[in-house]
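Notes for the one structure printed next.
None of the figures in this text is laboratory data; all of them are computed from the coordinates on show. Everything numeric here is computed off the predicted structure, so don't read it as measured data. Glycine gets a Cβ as well: all are built from the backbone with ideal geometry, and neighbour counts include every protein chain shown.
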Amino acid sequence: MSSPRPLTIRRLGVVSYTEGLELQRALVAERIAGDISDQLLLLQHPHVLTLGVKAGESRQHVLATPERLAQLGVELQETGRGGDVTYHGPGQIVGYPIISLKPDRCDVHRYVRDLEEVMIRVAATYQIEAARIPGLTGTWVGAEKLGAIGVRIQRWVTSHGFAFNVNTDLDFFRLIVPCGISDRGVTSLRRLTGRDLPLPDVEDRLIAAFADVFQRTLAT
Amino acid sequence: MSDVVMPQMGESIAEGTIVRWIKKVGDRVDRDEPLFEISTDKVDAEIPSPAAGVLIEIRAKEGDTVPVNTVVAVIGEASAAVAATRAATPAVTPAAPAPAAAPRASAPPAVAPPAEVRPSAPAQAAAAPAPAAAYAPAVSAPAAAPAAAAPTPAGLSGDQLRRRKSSPLVRKIAGDHQVDISGIAGSGLGGRVTKHDILAHLDGAPRDAAPTVPAAPAGARPSGGAYAPAFKPGDHVHVVPMSVMRKKIAEHMVFSKKTSAHVHSVFEVDYTRVASIRDAKKADYARQDVKLTFMSFLMKAAVDALKAVPIINSSLDGDSVVYKKEINLGIAVALDWGLIVPVIKKAEEKNMLGLTRAIRDLAARARAKQLKPDEVQGGTFTITNPGVFGAQFGMPIISQPQVAIMGVGHIEKRVAVVDDMIAIRTKGYLSLGYDHRIIDGAVADEFMSHVKRTLETFDASAV
């Protein structure tokens, strides 16, 4: 039994989407080179709609006009990740794990299932029963999505990750068809628990669940 | 020269979509330099080059979805590659049409897709060796003998030649269009028929001697019937390649139908007692976080009946009947993308709670694509449940090498005659598909009567 690998947590507060991309790019290169240990970035983005690699397709899933988006202060960003269009904004915890899946976790589906597991476990600590829906990546409560996932892997080093709706203003999701799935809604911990939850506390739980699922020890 | 293949990015991943080629044909690449990007589900991955050299051929374009281990590109040393192509082409090409000519005359177009066992799938080949033999184009008479191990004639058979001369994608296109690849001049390396070659061949078919859709004489196909192609060029159709899972199911089902002498028997079961036990115990089970369903009772009844009539839990091996001492219960689980049969090992050692837990766990992981290969193998008897979709009963096909499969029909309240009075009872049909080679009707019915009796007089203390 080898000792668990260290995981460095970076709580970054509010970071613009482009800054987040730049940071991830740099960290992925360093992680591939072996210069840094595994990282978990936790942050929030200002209002932004991000489009997946199939940008043409995902653009159709943006329901608002560019003028309307500008008026609401919502940015539109193309990204290199998988998946369709997604909304990020205040009250939503975004997690970007920059970790190496080598040598024992080289399975992209397993990685995605593990990210779902992290969010399912955190929901459970609030007595919320979240689950997977076969064929629909993400974490669901009933037919509503609580957490979204979009992942990129380079030489088994991960980037992008998950977006967990804590106190998210769900009205912003009306601007899009989330992930191209039109018959399912979104939800948040606030809606499910009926109260605003302190983000640092939710982050603590995400960190604990992540370390547990991925069998990492927290670097001090 | 190195083949670049679609990598296996996870156990449950059978195919990937090429999102973007980072390098173009003619570009130099270093080993481990990013070469292309693929996408599966919500994951994108950048795939590094397996070798240093020059990208000399791209076989799968952006947007193509191909099975894992399909060759998607070739990397070689620029100068050497061209020389090799020139040297190899004359040697192989002239030889090609000759061996192909004979099979085409006798048993023409059968570039049989079922025989196309991908090199990456040894397990599949092991599980179902017979179809290859049964479907092989009539290279020689013995090859047509059913259930014989695939003979490997000395020299190159037509199939080997096609294999040598093509990629799986090309063979697939050829299969779809019923074209014999060995009759096409290949422009690829070593005379290989590229996708471009075969598409050009399909477009301008008449210029070549080989007809695109040769008139199939009656009796030419193994099944003995001449039938029209699924579609003709210009038809208003939408062609979707089968997934790996779909192909495996198709092969296995046809193989099973050819192997076993299927007979079916249908019984009606009164579930009223089971329903009331279930209602009484449901809450107890829920407290232990498991859902007590009719399937729990059916599994238990099947295990008991298998113990009583052990030939149902056997296999046929040549001239011998192999009785299995363990009862490994396969339970068919419908998935959005197909069907899978997880297996509860040593079901005879489990009580109701154990069986219920086991199937809940296996089904959940089947739907999450997290089953291990070991968990879908080694079944000795299968239960399938078409009733959940409303079917009154099914006539299921046996999962080889098992000899029987039980189908559970829709369970509902029905009008029944009890003690000469009209009553409302919870009822449903149970069907058994069995292999008449070793199981006679009386034995099958003995088994089914046992299941029925167990369910109708279920021992509540065992729940």
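Taking every residue in A:102-113 and counting other chain Cβ atoms within 10 Å of its Cβ, the average works out to 5. Taking all Cα pairs closer than 8 Å and separated by 6 or more residues, the relative contact order of chain A comes to 25 percent.
Panel order for B:K282, B:K300, by other beta carbons found within 10 Å of each beta carbon, from fewest to most: B:K282, B:K300.
Where the centre of each part is set by its Cα atoms, how far does the range B:271-288 sit from the range A:62-120, in angstrom? Rounded to whole Å, the Cα centres lie 43 Å apart. Each peptide in B:392-403, B:341-352, A:66-77 receives the mean, over its residues, of other Cβ atoms within 10 Å, and ordering these scores from highest gives B:392-403, B:341-352, A:66-77. Any of B:K61/B:K257; B:K324/B:K427; B:K300/B:K369 with alpha carbons more than 28 Å apart? Name them for me. Cα-Cα > 28 Å for B:K61/B:K257; B:K324/B:K427; rest within. Counting every other Cβ atom within 10 Å of each residue's Cβ, A:I9, B:I422 order from fewest to most as B:I422, A:I9. Only Cα pairs under 8 Å and 6+ residues apart enter the sum, and on that basis the relative contact order of the range B:323-463 stands at 18 percent. Per residue of A:12-22, other chain Cβ atoms within 10 Å of the residue Cβ number 0 on average.
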